[in-house]
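The values are calculated or read from the model by the stated rules, or taken from the named source; none is laboratory data. Here the structure is a predicted model, which means the values were calculated and not measured. Note that each Cβ is placed from the backbone with ideal geometry, even for glycine, and that neighbours are counted across all protein chains shown. With ligands, DNA and RNA removed, areas are computed over all heavy atoms of the protein, side chains included. Shrake-Rupley method; radii C 1.70, N 1.55, O 1.52, S 1.80 Å.
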Amino acid sequence: MSYGIQRGIRFQILSEEDLDRIHWGTLHILEKVGVQVDSPTCRKLLKENGCEIDEKARSAKIPSHLVEEAIRKKKSTITLAARNPKYDARLDLNHSHMCANGNGAVAVDFETGARRNSTKKDLIDSTTLCDALPNVHVHWPMVSSTDMPPSVVHLHDLEASLNHTEKHVMYETGVTLADAKNLTAMGYAAAGGEKEYRRRPITSCLQCTYAPLQHDAGVMDASLEFARSGVPLVFFCMPQPGATGPATMVGSVVVGNAEVLSALVMTQLSTPGAAVIYGLGIAPLDMRTTVRAGGSPEHAICSAMGTEMAHYYGMPSCVGVSGTAKEPGIQAAIETYTGCVGPLLAGADLMCGIGLLEDSSCLHLEQVVIDDEIVGAIARLIRGEWACDDTMALDVIEKVGIGKNYLAQKHTMQYLKTDHFMPTLIDRRSEDNWSKTGKKSMKDTAREKVKKILAEHKVPALPDDVNKQLVAIIENSRKDLWGGESKVQ
Amino acid sequence: MEEIVTRLKNAVINYEMETIADLAKQIVDQGVDPLVAIEQGLAEGIKTVGERFGKGEIFLPELVMGAEAMKAALAVLEPAVPAGQHRATLGKVVIGTVQDDIHEIGKNLVSTMLSSNGFEVVDLGVNVPAADFLKKAGELKPNILAMSALMTTTMPRMGEIIAPLKKENPSVKTIVGGAPVTDVYAKEIGSDGYSGDASGAVDSAKKLVG
């Protein structure tokens, strides 16, 4: 069986004409307004290739032909390889994959219930959990090891992730050239060398563009380094409709699309054929609370449209889901379900964002397993149905005849495994049986599942010599102060 | 005179961003005390807008439009204030987003809310190196230095600013904020104040100057 979620059903939001219009509209914006490019290296690259550069505004107007050329050089199938090849996530525009949310800085302590800064131990526990869960296919370090020295937190995050899951690890902390070099070196070490890594990249980097229409210098310098080094990239745009993008969802998709395509242009000019995934996580700013409305229907619709734009360009998509709930429960479930079902129905190749609450900030281990169950249900929903001899089962219907039942048929046992979703947390027992075992809530059951996994699930660590290399990279990168020099004259 | 100051107040409450500057000019031409216009017109108007937002009666774009209207009128009225006189403020706040972080919307909202509530705000912008925060704190002697970071990778830089600030300018209080920042973290890095959102930042700032 192939890895990931099989997709047989798809709904469509944008028509072909809509997609064309958004594409042409985006080209218009890139030519007329342009984007801010803070990196002098990237501005030089764009200038040499015919873009109009305003050095004072640090902006670049990008002609359409450069965008079209970049799209031609893109990769349509990107395999996010895993330490254990059975977990290779092949983004081939036909399968969906799920990834937990990443880089929260807060956790609710599983034992005490206290809300506190996240630690490396939280990261290790959540990584182990994600390794065990069947509906989390790609790993993103869920929280930051804020108990480690500040300058190397992200390197500890990667080390802990590589040692506690055999799944592919995507990080989002490569925000300077130095970070990119260190994170790449760690990926090479874990893969068994550069050559092996380039063949099977077991890590990747998600890079955020800045809405509206900006590219941070460190992020883009790092991106070009990643591309040169064979590290797959996601360019993830996040305009917030009404705040950093137009209030209309489609308007914000245009802004985000311009950001992703301009990042793609720079990357493909620098390293033709680089593996770039189209990323989009657009959720409105809630205008009453000033909190990003993660897990809203608009968030889901935008992630679905982002996927349609990615596929229009022949690129795999990476789109977001999140929730604003403060604790596991009804609100969190509604937000995860709403946020996931739309994009998955639209064919998202990689969806990231389950498991953290407070809009991607706070880790609750119970929520990770609840969300895994939600994704399992959606996976069944989108698998698709088809009428063939086996599914129509005319021979079985004939054999059972009128008024009897299908319980003792081999066909029943055979298709139970593939066609009936078997929940692990949803409790379908009678009220009587539920009462007798203490009327457990889903959160209670989720806690038990977390405890069981953490007690029983063992992930093989990396070999000792590899870990020595990782520790050396971390130690060499440690700095006491790295706040930078004054820019004020 | 009272009538035109009330009109100014209402112009803020009704978000008259395009026409309020003309009204402010009229006020100056009529010889009304600009300080009275600022304090009884603009400050009162923006206070009403801020209260309505706090109660959930209006939405964020309305708050921002109210603040824009206030700014447009201030640009006319402030230069007309006689030398030596100053409008009463609750205090001076220097604000910015730390180095390698260019996420500015939260910081801008805090600026808007602080100005709406009577603080004088000096905004250093985004991607501000530690050295610049410290330099500005020394030059401007604010009551409060406010810092934001949206990323876990940039968040520790706030602590790098607070430590030397407390040695160089111990009277300057600090407020930190941004998505990954918590009250526990704020205490750990020695910040005097913390807020998880823009209205909380105002409460925190008021406490620190109060």
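Am I reading the B/A interface right? What is its buried accessible area, both sides, 1.4 Å probe, to the nearest 100 Å²? Don't skip to the end; give the middle numbers.
Details: alone 10480 and 21840 Å², together 29580 Å².
Buried: approximately 2700 Å² between A and B.
Please compute, for peptide B:100-106, the average count of beta-carbon atoms on other protein chains lying within 10 Å of each residue's beta-carbon.
6
Which entries in A:LYS120/A:LYS326; A:LYS479/B:LYS173; A:LYS121/A:LYS458 show an alpha-carbon gap greater than 19 Å? Don't jump to the answer; show the numbers that get you there.
Numbers: A:LYS120/A:LYS326 22 Å; A:LYS479/B:LYS173 27 Å; A:LYS121/A:LYS458 15 Å.
Checking Cα-Cα distances, A:LYS120/A:LYS326; A:LYS479/B:LYS173 exceed 19 Å.
Give the ranking of A:ILE453, B:ILE27 by solvent-accessible surface, highest area first, calculated with a 1.4 Å probe. If you can, show how the numbers build up before the last one.
Values: A:ILE453 25, B:ILE27 0 Å².
Output order, biggest surface exposure first: A:ILE453, B:ILE27.
Hey, got a sec? Which chymotrypsin sites (Phe, Trp or Tyr not before Pro) in region A:388-462 land in a DSSP loop and have at most 15 other Cβ atoms within 10 Å? Kindly include the intermediate steps, with their values, before the conclusion.
Details: sites: A:TYR406, A:TYR415, A:PHE421, A:TRP434; in loops: A:TYR406, A:PHE421.
Loop-located and lightly packed - A:TYR406, A:PHE421.
For region B:91-209, what is the relative contact order in percent, using Cα pairs closer than 8 Å and at least 6 residues apart in sequence? All intermediate terms of the calculation are to be shown ahead of the outcome.
Details: 238 pairs, mean separation 33.2, N = 119.
In percent, rounded to a whole number, it is 28.
Report ³J(HN,Hα) in whole Hz for each residue of region A:236-252, in order, from the Karplus equation J = 6.51 cos²θ - 1.76 cosθ + 1.60 where θ = phi - 60°; Gly and Pro get x.
Whole-Hz 3J(HN,Hα) from phi for region A:236-252: 10, 9, 9, x, 9, x, x, 10, 9, x, x, 5, 7, 4, 5, x, 6.
What number comes out for the charge environment of A:LEU233, summing +1 per Lys or Arg and -1 per Asp or Glu over other residues with Cβ under 12 Å away?
On the way: positive: A:LYS74, A:LYS75, A:ARG228; negative: A:GLU172, A:GLU225.
That sum, taken over residues with Cβ under 12 Å, equals +1.
Quick check: net charge around A:ARG90, other residues with Cβ under 14 Å of its Cβ, Lys/Arg +1 and Asp/Glu -1? The partial results should precede the final answer.
Details: positive: A:ARG7, A:LYS75, A:LYS86, A:LYS167, A:ARG200; negative: A:ASP88, A:ASP92, A:ASP349.
For residues surrounding A:ARG90, the net value is +2.
What are the ³J(HN,Hα) values, in whole Hz, obtained from phi via the Karplus relation 6.51 cos²θ - 1.76 cosθ + 1.60 with θ = phi - 60°, for each residue of region A:4-11 in sequence order, with x given for Gly and Pro?
x, 9, 6, 10, x, 10, 8, 10
For region B:89-104, take each phi angle, set θ = phi - 60°, evaluate the Karplus expression 6.51 cos²θ - 1.76 cosθ + 1.60, and give the result in whole Hz per residue in order, putting x for glycine and proline.
10, 7, x, 9, 10, 9, 10, x, 9, 5, 4, 6, 10, 10, 7, 10
Strictly under 4.7 angstrom between C-beta atoms: which cysteines of chain A have no such partner?
Those would be A:CYS42, A:CYS51, A:CYS130, A:CYS205, A:CYS208, A:CYS237, A:CYS302, A:CYS318, A:CYS340, A:CYS362, A:CYS388, since no other cysteine Cβ in chain A comes under 4.7 Å of theirs.
Would you please put A:282-292, A:177-187, A:296-306 in order of how densely packed they are, using the mean number of other Cβ atoms within 10 angstrom per residue and starting with the highest?
Working: A:282-292: 20.0, A:177-187: 21.8, A:296-306: 23.9.
Descending packing order for the listed peptides: A:296-306, A:177-187, A:282-292.
Treating the angle as unsigned and between 0 and 90°, give the value, to the nearest 10°, between the Cα long axis of helix B:130-140 and the longest Cα principal axis of chain B.
Approximately 40 degrees, to the nearest ten.
Long-range amide H contacts for B:PHE119: which residues qualify at under 5 Å (H placed 1.01 Å from N, peptide plane, sequence gap of 5 or more or a different chain)?
Correct list: B:LEU90.
For region A:365-448, calculate the relative contact order in percent as a whole number, restricting contacts to Cα pairs under 8 Å that are 6 or more residues apart.
Details: 30 pairs, mean separation 45.9, N = 84.
Relative contact order, region A:365-448: 55 percent.
Counting each DSSP H run of 4 or more residues in chain A as -39500 (n - 2.57), what helix-only mean residue ellipticity at 222 nm follows after dividing by all residues, to the nearest 500 deg cm²/dmol? Let's see the in-between values first.
Details: 18 runs with 223 residues, N = 489.
Roughly -14500 deg cm²/dmol at 222 nm, from the helical runs in chain A.
Specify the angular offset, from 0 to 90 degrees and rounded to the nearest 10, of the alpha carbon long axis of helix A:442-456 from the longest principal axis of the alpha carbons in chain A.
Here the helix axis deviates by roughly 80 degrees.
Enumerate by residue number the GluC sites (Glu not before Pro) in region B:51-98 meeting two conditions: DSSP loop (anything except H, G, I, E, B), and at most 12 other Cβ atoms within 10 Å of the site's Cβ. Please list the in-between numbers first.
On the way: sites: B:GLU51, B:GLU57, B:GLU62, B:GLU68; in loops: B:GLU57.
Listed in order of number, the matching sites are B:GLU57.
Can you list residues from other chains, or at least 5 along the same chain, whose modelled amide H is less than 5 Å from the amide H of A:SER204?
For A:SER204, whose amide H was placed from the backbone, the distant partners under 5 Å are A:VAL169, A:MET170, A:TYR171.
Report, as an integer, the average count of C-beta atoms from other chains found within 10 Å of each Cβ along A:143-155. The partial results should precede the final answer.
Values: counts 2, 5, 1, 8, 0, 0, 1, 9, 2, 0, 4, 2, 0.
Mean number of neighbouring Cβ atoms from other chains: 3.
Carbon and sulfur: what percent of the protein assembly as shown's accessible surface (1.4 Å probe)?
Working: 15960 of 29580 Å².
In the protein assembly as shown, the share of accessible area belonging to carbon and sulfur is 54 percent.
Any idea what the dipole of region B:92-210 comes to, in debye rounded to 20, about its Cα centre with Lys/Arg Cβ at +1 and Asp/Glu Cβ at -1?
On the way: 12 positive and 14 negative charges, 77 e Å.
Here the size comes out at about 380 debye.
Relative to the first principal axis of the alpha-carbon coordinates of chain A, what is the inclination of helix A:153-164, with its axis defined by its Cα atoms, in degrees from 0 to 90 and to the nearest 10?
Helix A:153-164 and the main axis of chain A meet at about 30 degrees.
Picking from B:MET147, B:ASN169, B:ALA179, whose Cα lies most toward the positive end of the charge dipole for region B:91-209 (charges on Cβ: Lys, Arg +1; Asp, Glu -1)?
B:ASN169
For the protein assembly as shown, what is the charge dipole size about the Cα centre, in debye to the nearest 20, if Lys and Arg each add +1 at the Cβ and Asp and Glu each add -1 at the Cβ? Show your work: numbers first, answer last.
Values: 72 positive and 88 negative charges, 282 e Å.
Around 1360 debye, computed over the protein assembly as shown.
Going by amide H atoms built from the backbone, whose H comes under 5 Å of the H on B:GLN99, apart from near neighbours?
Placed amide hydrogens put B:VAL128, B:ALA130 under 5 Å from B:GLN99.
For a quick check of your reading of the filter: which trypsin sites (Lys or Arg not before Pro) in region A:379-416 sit in a DSSP loop and have no more than 11 other Cβ atoms within 10 Å? Don't skip to the end; give the middle numbers.
Details: sites: A:ARG380, A:ARG383, A:LYS399, A:LYS404, A:LYS410; in loops: A:ARG383, A:LYS404.
Counting only loop positions with at most 11 other Cβ atoms within 10 Å, the trypsin sites (Lys or Arg not before Pro) in region A:379-416 are A:LYS404.
Using the crude model of +1 on Lys and Arg Cβ and -1 on Asp and Glu Cβ, and no other charge, please compute the dipole size for chain B relative to its Cα centre, in debye to 20.
The dipole magnitude comes to about 640 debye.
Could you please report the charge total around B:GLU68, scoring K, R as +1 and D, E as -1 over all other residues with beta-carbon less than 14 angstrom from its beta-carbon?
Details: positive: B:LYS71; negative: B:GLU16, B:GLU18, B:GLU62.
Once positives and negatives cancel, what remains is -2.
Evaluate peptide A:285-292: per residue, the Cβ atoms of other protein chains within 10 Å of its Cβ; return the mean as an integer. Please list the in-between numbers first.
Details: counts 5, 2, 8, 6, 5, 11, 3, 2.
Per residue, the number of nearby Cβ atoms from other chains is 5 on average.
Along the positive direction of the dipole of region B:2-80 (beta-carbon charges: Lys, Arg +1; Asp, Glu -1; about the Cα centre), which of B:ALA21, B:GLY50, B:VAL36 reaches farthest?
It is B:GLY50.
Just want the answer: with Cβ charges of +1 for Lys and Arg and -1 for Asp and Glu, which residue in B:GLY66, A:VAL276, A:GLN6 is farthest toward the dipole's positive end in the protein assembly as shown?
In the protein assembly as shown, that residue is A:GLN6.
What percent does the relative contact order of chain A come to when contacts are Cα pairs within less than 8 Å and at least six residues apart? Mind showing how you got there, number by number?
Details: 1043 pairs, mean separation 88.9, N = 489.
For chain A, the relative contact order is 18 percent.
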